[in-house]
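Right, one structure below, let's go through it.
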Number of protein chains: 2
Amino acid sequence: MRQPVDLAKSYRLLNHGPTVLVTSAHAGASNVMAAAWSMPLDFDPPKVTVVIDRTTYTRALVEASGEFALNIPSRKLAQATVDVGSRSGREGDKFAQYGLATFQGSQIAAPLIEDCVGWLECRVIPERHNQDRYDLFIGEVVAAWADPAIFRDGRWVPDADVGSIHYIAGGAFFETGKGFHVETD
Amino acid sequence: MRQPVDLAKSYRLLNHGPTVLVTSAHAGASNVMAAAWSMPLDFDPPKVTVVIDRTTYTRALVEASGEFALNIPSRKLAQATVDVGSRSGREGDKFAQYGLATFQGSQIAAPLIEDCVGWLECRVIPERHNQDRYDLFIGEVVAAWADPAIFRDGRWVPDADVGSIHYIAGGAFFETGKGFHVETD
């Protein structure tokens, strides 16, 4: 299930630091990689950063297409997240290899991955120096989606099993834990 | 308690996406702000990114000193994290106002905050375009520390109550949840 997310609230899908799957497509080819290194960069228009190593196939597809999607996997996809992070799409179709079903987004060609809890469709804001020197990409979020059982009306559903995942290293993750509130002014 | 963290493993303090407290100091003044928008950028030498809005007092101190620290607060500091994020250091000393004890780092002048679980001392890698256009700062991690009850030998301690926190919005956080592993090649 998925519903559109108001772009002004889309940063909240990434604000708590989940690990993401980066999808990309160009000229009939598509790919998926894992990334722990992404974050929101701005609210309006919403922007994100993500590190895409220069050796990856994803890098070639993102630079050629000027687009990428950040898919926020559920724990159900934790094994696939590590698997797609340890093989190159140059060696074969990782969607087929790891049984990742996809659907079409609304603004970009990169496929979006089923069983995720949220999705951010992004267009690259070209910043050649950052890309070349730091493998750092900036994207403007042009569409966002979420599973309404988990995130709706611009908020994570209280007490939902959020199920996003936070990669450490060596196959180890933290689950997203319980929500709590503190006082605000 | 704190012990040094091998710089090569310091990215693991941030890899799972915790919210951080950014500390800074210049010419006898110091400050602290909250930031959900930070991430690792590189392994060796370790680098991080963090968004520091141009309207903040922290921004002035970081640009003047070329240094900042990322402090990873425990849940004990969740209220203080929201509090320091909602007031400017131009209005008064937030360390005193919110009872934040500090200690001296080894490489930079910015104070480090007690009761955090990890600390990254950083020197700004000047990137004027990123700073001016995106409020985006890149820092090289020049020293790192962690509470050995929670992170030691380059790893989060299994089944420790990690206690880092992940900000959403409006005073709401997720706790860091349980650790789990999947298979690696």
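Some points to look at:
- The conditions of being in contact with a strand residue (DSSP E or B) (Cβ under 7 Å, 6 or more places away or on another chain) and more than 9 Å from chain B (Cβ to nearest Cβ) are not met by A:Arg90.
- Residue count, segment A:64-84 (criterion: in contact with a strand residue (DSSP E or B) (Cβ under 8 Å, 6 or more places away or on another chain) and either acidic (Asp, Glu) or open to solvent by 60 Å² or more (accessible area, probe 1.4 Å) (or both)): 2
- A:Ser74 vs. criteria at pLDDT 95 or above and among the small types (Gly, Ala, Ser): no
- Here A:Asp93 fits the description: of a type in the set (D, E, K, R), at pLDDT 95 or above, over 18 Å from the mean Cα position of the chain (by Cα) and under 24 Å from B:Val182 (Cβ atoms).
- Where strands (runs of 3 or more DSSP E) fall wholly inside segment B:15-55, the ranges with 1 or more residues that are within 7 Å of chain A (Cβ to nearest Cβ) and either open to solvent by 20 Å² or more (accessible area, probe 1.4 Å) or not aromatic (Phe, Trp, Tyr) (or both) are B:38-43, B:46-51.
- Considering residues of segment A:161-180 that are outside any strand (DSSP E or B) and open to solvent by 30 Å² or more (accessible area, probe 1.4 Å) only, the residue farthest from B:Phe173 (Cα to Cα): A:Gly170
- Looking only at segment A:1-48, residues that are basic (Lys, Arg), within 22 Å of A:Leu100 (Cβ to Cβ) and in contact with a Leu (Cβ under 8 Å, 6 or more places away or on another chain) come to 0 in all.
- Test: B:Ala143 is more than 14 Å from chain A (Cβ to nearest Cβ) and either exposed (fewer than 15 other Cβ atoms within 10 Å of the Cβ) or in a loop (DSSP other than H, G, I, E, B) (or both): no
- Looking across segment B:147-160, the residues that are part of a loop (DSSP other than H, G, I, E, B) and within 10 Å of chain A (Cβ to nearest Cβ) come down to B:Gly154, B:Pro158.
- Flag if A:Ala8 is within 13 Å of chain B (Cβ to nearest Cβ) and not in a loop (DSSP other than H, G, I, E, B): yes
- The residues in segment A:155-176 that are touching a strand residue (DSSP E or B) at 6+ places or on another chain (Cβ under 7 Å) and without any contact (Cβ under 8 Å) to a residue 12 or more places away in the chain can be counted, and the count is 4.
The values are calculated or read from the model by the stated rules, or taken from the named source; none is laboratory data. What you are looking at is a predicted structure, and each value in this text was computed from that prediction instead of being measured. Cβ coordinates were reconstructed from backbone atoms using ideal geometry, including for glycine residues, and neighbour counts include every protein chain displayed. These area figures cover heavy atoms from the full protein model, side chains too; ligands, DNA and RNA do not enter into them. Shrake-Rupley method; radii C 1.70, N 1.55, O 1.52, S 1.80 Å.
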